[in-house]
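The values are calculated or read from the model by the stated rules, or taken from the named source; none is laboratory data. Please read these numbers as outputs of a predicted model, since none were measured by experiment. A quick note on method: Cβ atoms are made from the backbone with ideal geometry, for glycine too, and the neighbour counts reach across all protein chains shown.
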Amino acid sequence: MPKLVTAPPYSLVEPVTEVLHGVTITDQYRWLEDRDSPRTGEWLQAQREHARSYLDSIPGRDRIHERIRELLDVKTYDSVQKVGERYFFRKRLPGQEQFCIYYRQGAGGKDQLLIDPAERGTGPYTAVKPLQVSPDSQLLLYEVKEGGERTGTFELFDIENHEALPDILSRGYLRGFAFAQDSKSFYYVHEPLNSDRPYRRVAFQHALGTSVRDDQEVFVAGESQNLRLCIVAGETQLGFLVFRFLEKTLTDFYLWPMGSACPPEPIIEHADYKFRPILLKDGRILAITDREAPNFKVVEVHPRLNDEPHFIDVVPTSSSAIQNWVVAGARIFVSYIRELKTQIDVLDLTGKWLSQLPVEASDTVRLMGTSDDGNELFLERESFTNPIQICSCSLQNSEVTVWAERTVPFASAEFSHSQIWFTAKDGVRIPMFLVGRPGLLEGGSHPTIMTSYGGYGVPMTPQFSVFVAFLMERGCLFALPSIRGGSELGVEWHHAAKRQNRQIAVNDFLAAAQWLIESGRTDPRRFAIFGGSNSGLLVGAAMTQRPELFCAVVCMVPILDMLRYHLFDNAHVWQEEFGTADDAEDFAALLGYSPYHNVQEGTAYPAIMMVSGDSDQNCNPLHARKMTARLQAANISASPIFLDYCRHRGHSPVLPLSQRLEALTDRMAFLCNQLGLNL
């Protein structure tokens, strides 16, 4: 039986009322938006004590912690890239709190340590990640993060002399970077925190060994909160992408011969379509675009005709959306999801189809990048039951080999998956993966966990998750519906649940839940949902609209106040995806599903674990704070509703191993307790 808890701490009600488009909106917990106020700090401390009083008393927590350690604390590689004969990558050994940066001389070389964040003496929350290597493979640009922040500090490392250089870009957002061909300078776009002019978007050139105060401006995009400037690096050219986040995102693209005294040449101006270019070594420009191609196409960009960009199709659009693409040597690799399976086509630079890379039907495969000589392609592949493998594809013989893998003690052969289709509220057929032991897939009622995403065109394909693996070991069925808002069935699948149609993603998710219950696969007493970020919004909306369907909810780093989300951090750039309350039609749609505004007094809510932290610069933690207060006050059930809050937690998954173990143990203890799972 689920363990009950004492009443949550009291949250002061301090109403703020405003009228938006003729509708009166009252926000009872607006004061919790101010993280720096003493009373918010006191409220958070009370919430921490309340959460721990429940979590620490759950039986079997030690056994859960030990099993999570076995699944998490294994040798792990990521972020591999190759320049010259050197491979650069991150590796974390068992027992280490954070990844270290290594390099390897040649495919069979020994892993040589370059940067260990522990040696900085700043504590276990400091994480490092390799970003770029200079053309002569002597310099490494790497990022330093503290906790889960999205911002970082950007430093250079001299590989031969094994020392950090004084050329540092302070904490902020790095929007673009390119080494000069002689490796003696670099170009960058940087948005530092605490800048006197935070919205001025400029590309600079920095000469190594000089002060950043002396850096030369090479391109100025303007000064506005709605502007973003990025760099596209070529061998002898730089591209400058300028985005204007307005009612619809507009894009400009400029081309500049690196180091030239000539001004950058405009190639595209005020484009209301997506455009992401690659600069080839021979000077040609290839780009992916949705101009006259909803599912995207790859084009070659030619000189302007009559002041209009001139595109020639290289990879035409098709009935499936292009998910990713890379150019390696003289080949283009394009990945699709077709019939909910990954497919990677190989074409030459004119678009002639050559072959397909071999992909197992149950695997998700991602194109990660290429070596600088274009002779090697890097892939990641995983499935519901097999963790990520980094693979290398030789372009000389098309042989795919495992470059590194994570060996997790999980009995993959004991689990399988199937696929069903259910009918959404509006009659559309939706696919859903079911994963678990074969006996569970055959039928019967079982404890069940479900998630999805439903936004930004992000497809939900087979991926390995320690979160899910642990629960499946304990007899859970895992359900993953491919709801609208993703792009599993083409870009129109995304558009169907975008902006004012966002409720459709929630409807699809709830229809999946109803199918699982009505088909006898589970029942509301043993049914939990979870999600983070946009998926946190999804589960937040689902449990406020149909709380009786679920016994437990894990809602991680979410956005939940949809009337005010755009006023904080950089969330205004999501306007095209969600709309904003500034627009009357958007406002009506947002108010209709905004989880924070749809909490109802006197409702029996399921057990809810809200997860957030101070370092989240994507989904501001004010959402979790306000939602927790509102749910605790409105709930009349005996189920626990609490906030798991950490000062260092943010949107980036870089917490130290010990904190990841504790956090995942808490989530598994909560779900085991509420679902009645045997440990």
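From the list F186, F204, F219, F179, the one residue that fits, being within 26 Å of G283 (Cβ to Cβ), touching a Ser or Thr at 6+ places or on another chain (Cβ under 6 Å) and free of Cβ contacts under 8 Å to residues at least 60 places away in the same chain, is F179.
Every condition in (1) over 27 Å from L677 (Cβ atoms); (2) surrounded by 21 or more Cβ atoms within 10 Å (Cβ to Cβ) holds for F470 except the one numbered (1).
Residues in segment 405-414 that are outside any loop (DSSP other than H, G, I, E, B) and at pLDDT below 95: E405 alone. Only one of the numbered conditions (1) at pLDDT 95 or above; (2) under 27 Å from the mean Cα position of the chain (by Cα); (3) in a loop (DSSP other than H, G, I, E, B); (4) surrounded by fewer than 18 Cβ atoms within 10 Å (Cβ to Cβ) is violated by H417, and that is (3).
If you go through segment 154-166 and keep only what is in contact with a Gly (Cβ under 9 Å, 6 or more places away or on another chain) and surrounded by 17 or more Cβ atoms within 10 Å (Cβ to Cβ), you end up with just F154.
Mind checking whether some residue in segment 301-310 is part of a strand (DSSP E or B), among the charged types (D, E, K, R) and modelled with pLDDT of 90 or more? Taking every residue of segment 301-310 in turn, none turns out to be part of a strand (DSSP E or B), among the charged types (D, E, K, R) and modelled with pLDDT of 90 or more.
Total residues in segment 370-384 satisfying the condition of being over 23 Å from the mean Cα position of the chain (by Cα) and not in a strand (DSSP E or B): the figure is 5. Candidates in segment 318-334 are the residues that are of a type in the set (A, V, I, L, M) and assigned to a strand (DSSP E or B); of these, the one that is nearest to V365 (Cα to Cα) is V334. The condition of being more than 28 Å from the chain's Cα centre (by Cα) and either of a type in the set (D, E) or not assigned by TED's automatic domain parsing to the domain that holds S615 (or both) holds for only one of L169, L140, L93, L165, that being L165. Among the strands (runs of 3 or more DSSP E) confined to segment 2-86, the ones with at least 2 residues that are surrounded by fewer than 19 Cβ atoms within 10 Å (Cβ to Cβ) and without any contact (Cβ under 8 Å) to a residue 12 or more places away in the chain are located at 16-20, 23-27.
Number of residues in segment 508-533 that are surrounded by 23 or more Cβ atoms within 10 Å (Cβ to Cβ) and among the polar types (S, T, N, Q): the value is 1. Of all residue pairs spaced 6 or more apart or on separate chains, those with beta-carbon atoms under 7 Å, a first member in segment 378-397 that is touching a residue at least 40 places away in the same chain (Cβ under 8 Å) and assigned by TED's automatic domain parsing to the domain that holds S335 and a second member that is charged (D, E, K, R) and assigned to a loop (DSSP other than H, G, I, E, B) are E382/D363; S383/D363; P387/R406; I388/R406. From the list I267, I285, which one is in contact with a Gly (Cβ under 9 Å, 6 or more places away or on another chain), β-branched (V, I, T), surrounded by 18 or more Cβ atoms within 10 Å (Cβ to Cβ) and more than 19 Å from F333 (Cα to Cα)? Only one candidate passes the filter, namely I267.
Each residue in segment 189-201 was checked for being in contact with a Ser or Thr (Cβ under 9 Å, 6 or more places away or on another chain) and touching a residue at least 24 places away in the same chain (Cβ under 8 Å), and 4 pass. Annotation: of all residues in segment 185-202 being touching a Lys or Arg at 6+ places or on another chain (Cβ under 9 Å) and over 20 Å from A164 (Cα atoms), the one that is surrounded by the fewest Cβ atoms within 10 Å (Cβ to Cβ) is N194.
The set of residues in segment 450-491 being touching a Phe, Trp or Tyr at 6+ places or on another chain (Cβ under 6 Å), assigned to a loop (DSSP other than H, G, I, E, B) and either within 28 Å of D73 (Cβ to Cβ) or hydroxyl-bearing (S, T, Y) (or both) consists of T451, S452, M460, P462, S487.
Yes/no matrix, rows are residues, columns are (1) touching a strand residue (DSSP E or B) at 6+ places or on another chain (Cβ under 7 Å); (2) β-branched (V, I, T):
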{"residue": "N194", "(1), (2)": "no, no"}
{"residue": "V202", "(1), (2)": "yes, yes"}
{"residue": "Q205", "(1), (2)": "yes, no"}
{"residue": "D214", "(1), (2)": "no, no"}
{"residue": "V220", "(1), (2)": "yes, yes"}
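With respect to (1) part of a helix (DSSP H, G or I); (2) crowded, with 24+ Cβ neighbours inside 10 Å; (3) not hydroxyl-bearing (S, T, Y), the lone exception for M610 is condition (1).
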